[in-house]
Amino acid sequence: MLGGKKVKKTVSIFTLALCLLVLMSYPVLAKTINVWTGFPELEPFYKWAGAEFSKTHPDIEVKVLSTSLREFEQKLVTSIPTGTGPEVFDVGPYIAIKLIDAGLLPVNPPELDSYLKSGAWSQFAVDYVTIKGKTYGLPLMNGSRAALFCNKDMFKEAGLDPNKPPTTYKELMEAAQKLTTYDKSGNVIRSGLSLRISGGGSGLTEKFRFVLHNAGADLIVPTGDGKWKNGIDNEAGRDALRYYIDALHKYKVDDPQVKHDSDAFVTDTTAMFLRESWVIGEVKSKNPNLNYGVAPMPGWRRHDTLSQPWAIYMSSEGAKSKEVVEFMKFLTSTQAAPQLIELSGWIPERNFDSASLVKETPQYEFFVNPPKEIGFYADPVIPAFDEIQTKIADELMEAFLNKKLVDNPKGIEKTVRKMANMIDSILKRYKAYGK
C-alpha cells in the first residue's frame with residue numbers, strides 16, 4: 001500500500017511537471033491596451049501606434065474601437081463608471097470635465113505631469129487640461145482651428161480670383177451667390193457655401209458658433225463670479241441666425257436637399273465650407289486631384305477661430321499600468337506627430353517641425369502657422385456646456401428650415417430669445433447660472 005502511494009505521488013509530480021512544460025511552450029498572452037475613439041479617421045493612426053509600440057513592448061497588444069462621435073460618447077460615459085471601458089481614449093473637454101467632476105478620471109501621475117509641462121505644448125494647451133491645479137490627460141491634436149476651404153476651379157469659373165478668398169462674412173455671402181449653380185427650376189445643384197444645418201448633437205452648434213462668435217456673441221459668457229449666463233440674446237446673436245436664414249432661403253446659396261460638409265467638397269458639389277484640418281486627409285484619399293485652397297476664418301465684428309485642444313485620457317484602471325503611461329507618451333511623441341497628420345489629417349497639439357509638411361501640402365499652412373491677426377477662442381470647460389450645445393442644435397435645425405424667418409426681425413428675435421432662455425435654464429439646473 002505504501003509503495004502504491006509513492007507511485008501515485010511520483011505520477012502526480014510528473015503530471016504537474018508535464019503540464020507546466022506544456023504551458024511554457026505556449027507564448028505568454030499579450031497584455032491588452034484598449035483604445036476607443038469617436039473619430040473613425042483616427043483609427044489608422046492608433047493602429048499604427050499600436051504596431052510600433054509593440055515592437056519595443058512585444059507583450060502588449062493594442063486594440064482599437066472607433067464609432068461615430070455621439071455613439072462613442074454614450075458608450076464611454078456608461079462604461080467608465082463600471083470599469084468596463086478602455087484603458088486609453090480621446091474625448092472633448094465637455095465630456096472629460098463631467099468624468100473628472102465625478103471622480104472617474106485619474107489625475108496625471110508625476111511622469112505624465114512632468115512630460116506635459118516639459119515645453120512640448122503651449123501654455124494654452126497645458127492650462128486647458130488643468131483643472132483646479134491638477135492635470136488630466138495629454139493634448140493629442142487640435143480638434144478645431146477651423147478655416148475656409150475653397151474650390152479654386154469653381155472660383156475661376158465664377159470670375160473670382162482663387163488667390164483672393166473672402167476675408168469677411170459679408171464677402172463670403174457675396175462670393176457664395178456667384179458660386180452657386182441652379183437647375184432650370186431654380187433648385188440648387190451646387191452650393192456656393194455648404195453650411196452645417198443637420199445632423200444634431202453638439203457638433204452642429206459648434207459649427208454655428210463659427211458665425212456666432214465672429215458676429216460678436218457667444219453661447220454663454222462668464223458673469224465674473226465663476227458663473228455663466230447666455231450670451232446670444234443680443235444683436236450679434238440675431239445677426240448670426242439671420243446669416244443662416246439668408247443663406248438658405250433669401251440668397252439660396254445652400255439647400256437642405258444637396259450634399260453637405262466634406263462629402264460635398266470632395267465630390268465637387270460645393271465651392272466653399274468651413275471646417276478643420278482633417279478635411280485635407282479626406283481630399284487626399286477621395287479626390288487627390290482637387291484644386292483647392294485653405295484660407296483663414298472670415299471676420300466680422302471679431303476675427304477669431306475656434307482652437308480646441310483634444311486630449312487623450314487614461315481610465316482609472318489604465319493609470320495603474322506602466323505600459324499605458326508609456327503608450328500615452330508615445331501617442332504624443334515627435335515620432336508619432338507626422339503619422340497623426342499623414343494618417344488622419346489632424347494637426348498635433350504639441351510643438352513639432354512643420355516645414356516639410358507645409359512644403360509637401362501647402363493647404364496645411366494656416367493650420368500650423370495661423371496669421372497673427374487671427375485670434376482664438378475655446379469651449380468653456382464646464383459640465384453644462386455639452387447639454388447646452390446639444391439642446392441648442394435641435395432648436396437651430398428647426399429654425400434653419402423656417403422660411404418665415406426671412407426678413408422677419410421679430411421672428412428672429414423670438415427664436416433667439418427662446419434659445420437664450422433654454423441656455424439659462426440649463427445653467428440654473430447645473431447651479432452654474434449667474435447674473
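The values are calculated or read from the model by the stated rules, or taken from the named source; none is laboratory data. These numbers come from a predicted model, not from an experiment. Backbone-built Cβ (ideal geometry, glycine too); neighbour counts: all protein chains shown.
Side notes on the structure shown:
- Count - residues of segment 234-285 that are surrounded by fewer than 18 Cβ atoms within 10 Å (Cβ to Cβ), without any contact (Cβ under 8 Å) to a residue 24 or more places away in the chain and closer than 19 Å to residue 42 by Cα: 2
- Scanning segment 135-150 for residues that are modelled with pLDDT of 95 or more, small (Gly, Ala, Ser) and under 18 Å from residue 89 (Cβ atoms) yields a single hit, 137.
- Within segment 132-163, restricting attention to residues that are charged (D, E, K, R) and not in a strand (DSSP E or B), the residue that is nearest to the chain's Cα centre (by Cα) is 145.
- Residue within segment 73-82 that is assigned by TED's automatic domain parsing to the domain that holds residue 313, farther than 18 Å from residue 341 by Cα and part of a loop (DSSP other than H, G, I, E, B) present: no
- Subset of segment 82-122 (residues that are touching a residue at least 60 places away in the same chain (Cβ under 8 Å), more than 12 Å from residue 314 (Cβ to Cβ) and among the small types (Gly, Ala, Ser)): 83, 92, 119, 120, 122
- Looking across 378, 336, 393, 384, one residue alone is under 26 Å from residue 294 (Cα atoms), in contact (Cβ under 8 Å) with a residue 40 or more places away in the chain and crowded, with 20+ Cβ neighbours inside 10 Å. It is 336.
- For segment 195-217, a residue qualifies if it is assigned to a loop (DSSP other than H, G, I, E, B) and buried (at least 17 other Cβ atoms within 10 Å of the Cβ), and the qualifying residues are 195, 196, 197, 217.
- Scan of segment 151-163 for residues that are buried (at least 22 other Cβ atoms within 10 Å of the Cβ) and either touching a Pro at 6+ places or on another chain (Cβ under 6 Å) or in the same structural domain as residue 349 (by TED's automatic domain parsing) (or both), ordered by number: 155
- Enumeration of residues in segment 164-180 that are among the β-branched types (Val, Ile, Thr) and surrounded by 15 or more Cβ atoms within 10 Å (Cβ to Cβ): 167, 180
- Sole exception among (1) part of a helix (DSSP H, G or I); (2) in contact (Cβ under 8 Å) with a residue 12 or more places away in the chain; (3) assigned by TED's automatic domain parsing to the domain that holds residue 233 for residue 407, by number: (1)
- Close Cβ contacts (under 6 Å, 6 or more residues apart or on different chains) running from residues in segment 54-69 that are under 14 Å from residue 321 (Cα atoms) to residues that are crowded, with 18+ Cβ neighbours inside 10 Å comprise 62/33; 62/50.
- Look at segment 286-299: where a residue is farther than 12 Å from residue 171 by Cβ and at pLDDT 95 or above and a partner is in a strand (DSSP E or B) and among the acidic types (Asp, Glu), sitting 6+ places away or on another chain with Cβ atoms under 8 Å, you get 297/304.
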